[in-house]
Amino acid sequence: MEQVRLDLAQKFFNGGSSQDIASEWIVFLLSCLQEIPSQPIRAPEFRFDGSREAAEHNATILAMHGYNLNSAIRSQHGTPLDPGSEFKPVSILDWLCTPHPLWRILRGYLSQGVSYPMLPLSEQDRCNSLRHALARGNHSSIDHHTDIVHQAVQDDVLRGYILPLQRAAIESLQEAEVAPIGVVEQTTINEHGQIIPKFRSIHDQSFPPAFGPSINDRVLLDLLPPCKYGHTLHRIIHAIIALRLRDPQARILISKIDLDKAYRRLHSAPSLSARSCFIFDDFANVYLRLSFGNSGHPSGFSTLSELICDYANILLNAPSWDTSILCARSVSVIPSPKLDPSPTAPHQALPLCVAPSIGPFGTVQVFLDDFISVVSDTKDNARRVAFAVPVTIEAMSCPLLPSEPIPRTGLISTKKLQAEGQPSEIQTVLGWVVNTRSLTIALPRAKYIAWCHEIDNTLNKKRIGYRNLASLVGKLNHAGSIVPFAQFFLSRLHHLKRVAEQSGAGILSPLARQDLKFWKVLLLHASRGMSLNLLSLREPDRGYKGDACPFGLGGHSLHGRAWRWKIPLHLLGRASINLLELLASVVGPWIDFLEGNLPEYSCCLCEGDNTSAMAWLASSNFDEIERPAHHEAARKIAEVMMAAKACVHPHWIPGASNDIADILSRDFDIPDDVLTHLIPLLFPDQTPRSFKIAPLPKEIDLWLTSLLQSLPEPTQSLTEHARSKVLRGLIGNFSVKKLDWDLIYFLIQSTSHTTAHSSSWHTPMQSTVSASVKENWMATFSAAVSKMPSQLFQRPSDYMAGPIPALMKMDALHSFYNVSGVPTVMSTAM
């Protein structure tokens, strides 16, 4: 090992890349770790079977230790009860993992067991709650699934995950707390790739005890490592887009590796195990491994899975890795790619406004226990993507012994490996079907059929119970995560859910029924696949600015189409300024859609100086009863964008950057043709050559009028109409009818060397927008993008650097796990 270190140091001093040298060291360490065999392990004193004799035996052992679980477990060193018994000793893993920012925490988990900082609970409250929990029993959801729960508990007992005790012993166990168990229905994938139902027992440690707060209410989550898997799907989408942009013709492969019994691979610290008890079949059961139901466990388990992911990423992108030598041994992975059988060419990826950091070969992402690897199908990448995660897991974990004292399986789920491990262009990822050839993501067919059936059942009922409604709304909200703007059509159902939560059930209104029927259409679109180009952080190719005042709306587009709408006298004062600003933001893209200037997959940068309006463009869930006009306006932008198959970047800008829209929304006494010539003179760096004010399409004019007519008449008089700030500085508040326009032109032209242009706004965008105008429009957006947390779209790929292995650091990962991330500068090319 020392010779390898010296050789690598010499490579660095000879001018070698520190990144390549670091990855070569990691490859060497992984190969060494993979060769280390498991040490013999003896059987524990506790018995792990479902018999009453075993429960009595275990209670007797606990009694010998004064019912102190920590003492009883620590006395059985060298058995599967040792924390980290399924992994290589931490002293060995130190060689590999010491530079990683999560290793200090994971090392403690593997040495002492998983525990979390918690608020204290008085001994009196604990004892009183324990007696109450023993009398109450479990959730009713297990009543119809007793056989499933019994099988799950017995399986966990036989594997040493649960310690069975006599029921009476639990009252003597130090620090013991009991929470109920229940059953939830999920889905999984069998070895044939078919989605099948799965029932999982959960330990409900959020259930409020009779005295004091629950376990989950006492866990201090803010002191735990933050979970990073919430944006995993977005990072995968951006990785696929980035790889397609890197090589437009290359096939892109996805491999998926699942951990088997994932949470159960980590031991709970004895103090946490004592607080993780439940009663079933008149036995007291103590979770010795992580259970499903503790709010700290996602963070606790992620310290392991995230670390594995990062080292798998290093291995995947290591130039020195020879996949014919260092490959998976304990599992059978098919390294040859499975391709999309359709003859279609790879779909074009559209430019991003961020620059995801993707390694030279690809990336590995993780969502709790699901490892998803994405690579281009070039060179030996199919083998790399198939082996990177299994090799890393094998290097860190203990190989199975010929005879284990307690039955144990490998960490990788072999059943799912057969269905999803083979690198493929079409892969089920986090419940979605991703096709990298067509750049689409789709709702699986089985879910589409089941959810439409659930909608039909709901439509056939006069009243719908809260639980059923909450379940349905949750499914639709989930589907809305891949259908842009779909969640704008959940507001009525959210309102009904709130009503049902109070009364136990709700009655579908005719409009809510219409929404449910429309959701069947949305689910159909989701099942057919949505373009990844609409779900990524795109570089805008359309730009709009809008503004409003109590007397009118106005706006213009980056390619020159300008408009304004003076509010009719009888409708003044009906709408709040926030609503008017929202309407102004809706109009710009709508005009282009009606006039044929919003191509498919357009990315619209919608800018305005009202923070509320910009936020509502991004996410809206207005209560139709309280704010019907806001509700209708938000739906209108959703309808337009969905019909155009376009996406939106809402972005707030300061008022000083929105002067043109301010003029258009206020100075109605100045004729259109006059303003068309004035504005390019006043703002040459903001105005495209084709700038021209034209009337609103009749459809939009009628819609705005109708919307304001639906609002109540004002109860207060309006303030005096004020001219825009820019023109007020030039001509004051006088009506232009009293002024000499030749003088105004002279005053403006004397401060500007730019001449106005009068070409039609129908001219193609790229020929009418100068580089300076585009740069001016994009300036504040680019600045905002540069401050965007990079974890939204990437994992770092430049993990390690250093002249010699002893000095290697993981600065990029420290940034990823501890702060928002390294800003990434956007390209403004269109």
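The values are calculated or read from the model by the stated rules, or taken from the named source; none is laboratory data. Just so it is clear, the structure is predicted and the values come from calculations on it, not from any experiment. Don't worry about glycine lacking a Cβ; one is built from the backbone with ideal geometry, like all the others, and counts go over all protein chains shown. Remember, those area values only see protein heavy atoms, side chains included, never the ligands or the DNA or RNA. Shrake-Rupley method; radii C 1.70, N 1.55, O 1.52, S 1.80 Å.
Give me a comma-separated list of calculated 3J(HN,Hα) values for the range 443-458, in order, Karplus coefficients 6.51, -1.76, 1.60 applied at θ = phi - 60°, integers in Hz, x for any Gly or Pro.
6, x, 4, 4, 5, 4, 5, 5, 6, 5, 4, 5, 5, 4, 4, 5
Suppose R0 equals 25 Å. What FRET efficiency, 1/(1 + (r/R0)^6) with r the Cβ-Cβ distance, do residue 76 and residue 167 give to the nearest 0.05?
Calculated transfer efficiency: 0.60.
Take the alpha carbon gyration tensor of the chain, find the square roots of its eigenvalues, order them as a ≥ b ≥ c, and report rounded if a/c is under 1.5; if not, report prolate when a/b exceeds b/c, else oblate. All intermediate terms of the calculation are to be shown ahead of the outcome.
Details: a/c = 2.41, a/b = 1.65, b/c = 1.46.
Because a/c hits 1.5 or more and a/b exceeds b/c, the chain counts as prolate.
For the range 281-348 and the range 453-496, what is the separation of their Cα centres, given in Å?
Centre-to-centre distance over Cα atoms comes out at 33 Å.
Between the range 58-103 and the range 225-276, what is the separation of their alpha carbon centroids in Å?
26
How long is the gain from residue 772 to residue 148 if the chain were fully straight, where each residue apart is worth 0.36 nm and the alpha carbon distance is subtracted?
218.0 nm
What do you get for the angle between helix 146-158 and the principal long axis of the chain? Use alpha-carbon atoms, 0 to 90 degrees, nearest ten.
Approximately 60 degrees, to the nearest 10.
Structure shown: which of 545/774; 338/416; 545/698; 475/787; 475/545; 228/447 lie over 25 Å apart, alpha-carbon to alpha-carbon?
475/787; 475/545; 228/447
Compute the distance from the alpha-carbon center of the range 398-432 to that of the range 657-725, in whole Å.
Measuring centre to centre over Cα atoms gives 62 Å.
Calculate, in nm to one decimal, what residue 457 and residue 699 gain on full extension: separation in residues at 0.36 nm each, minus their alpha carbon distance. List each step's numbers first, then the result.
Numbers: separation 242, 0.36 × 242 = 87.12 nm, distance 3.70 nm.
Between residue 457 and residue 699, full extension yields 83.4 nm more.
Which whole-number percentage describes the relative contact order of the range 433-488, with Cα contacts under 8 Å and a sequence gap of 6 or more?
Taking the mean separation of contacting Cα pairs over the length of the range 433-488, I get 27 percent.
In whole Hz and in residue order, list the ³J(HN,Hα) couplings for the range 240-252 that follow from phi through the Karplus curve 6.51 cos²θ - 1.76 cosθ + 1.60, θ = phi - 60°; x for Gly and Pro.
With the stated coefficients, the range 240-252 comes to 4, 4, 5, 5, 5, 5, 5, 9, x, 9, 6, 6, 10 Hz.
In whole percent, what relative contact order does the chain give with Cα contacts below 8 Å and a gap of six or more residues?
14
Which residues in the range 314-350 place their backbone N less than 16 Å from a point set 7 Å from the Cα of residue 32 along the Cα-to-Cβ direction?
No residue passes the distance filter.
Using a ≥ b ≥ c from the Cα gyration tensor of the range 53-181 (square roots of the eigenvalues), is it rounded, prolate or oblate, where a/c under 1.5 gives rounded and otherwise the larger of a/b and b/c decides, a/b for prolate?
prolate
Which of the three applies to the range 100-170, rounded, prolate or oblate, going by the alpha-carbon gyration tensor with a ≥ b ≥ c and a/c under 1.5 meaning rounded?
Details: a/c = 2.30, a/b = 1.31, b/c = 1.76.
Oblate shape, in that a/c is at least 1.5 and b/c is the bigger or equal ratio.
Name the long-range amide H neighbours of residue 183: under 5 Å, sequence gap of 5 or more, or other chain; modelled H, no Pro or chain starts.
Amide H to amide H, under 5 Å and 5 or more residues apart or across chains, residue 183 pairs with 141, 142, 202.
For the range 342-475, what's the relative contact order in percent, using C-alpha pairs closer than 8 Å and at least 6 residues apart? Please report the intermediate quantities before stating the final value.
Values: 85 pairs, mean separation 25.5, N = 134.
Rounded, it is 19 percent for the range 342-475.
Carbon and sulfur atoms: what percent of the 1.4 Å accessible area of the chain do they account for?
54
Please give the residues of the range 442-464, grouped as numeric ranges, whose backbone N is less than 16 Å from a label point set 7 Å along the Cα-to-Cβ vector of residue 345.
none
Do the sum for the chain: with -39,500 (n - 2.57) for every DSSP H run of n ≥ 4, divided by all residues, what is the mean residue ellipticity at 222 nm, to the nearest 500 deg cm²/dmol?
Helix-only estimate at 222 nm: -12500 deg cm²/dmol.
Mean 1/r over all different Cα pairs, inverted: what Kirkwood radius does the range 138-277 give, in Å?
19.0
For residue 122 and residue 612, compute 0.36 nm times the residue count separating them, minus their Cα-Cα distance, and round to one decimal in nm. Can you show the working numbers first?
Numbers: separation 490, 0.36 × 490 = 176.40 nm, distance 4.60 nm.
Working it through step by step, the gained length comes to 171.8 nm.
Along the range 578-583, what does the Karplus equation 6.51 cos²θ - 1.76 cosθ + 1.60 (θ = phi - 60°) give for ³J(HN,Hα), rounded to whole Hz, x for Gly and Pro?
Calculated HN-Hα couplings, in order: 5, 5, 4, 5, 5, 4 Hz.
Please give the FRET efficiency for residue 221 paired with residue 673, using the beta carbon to beta carbon distance and R0 = 51 Å, rounded to the nearest 0.05.
Approximately 0.25, to the nearest 0.05.
How fast does the range 412-568 diffuse by Stokes-Einstein, in µm²/s, taking the Kirkwood radius from C-alpha pairs at 10 °C and 1.306 mPa s?
D, rounded to a whole number, is 85 µm²/s.
Longest exposed-loop-site-free stretch of the chain, with GluC sites (Glu not before Pro), DSSP loop and at most 16 other Cβ within 10 Å?
The answer is 192-594.
Could you do me a favour and compute the accessible area per residue for the range 346-483, 1.4 Å probe, result in Å²?
Ligands and nucleic acids excluded, the result is 36 Å² per residue.
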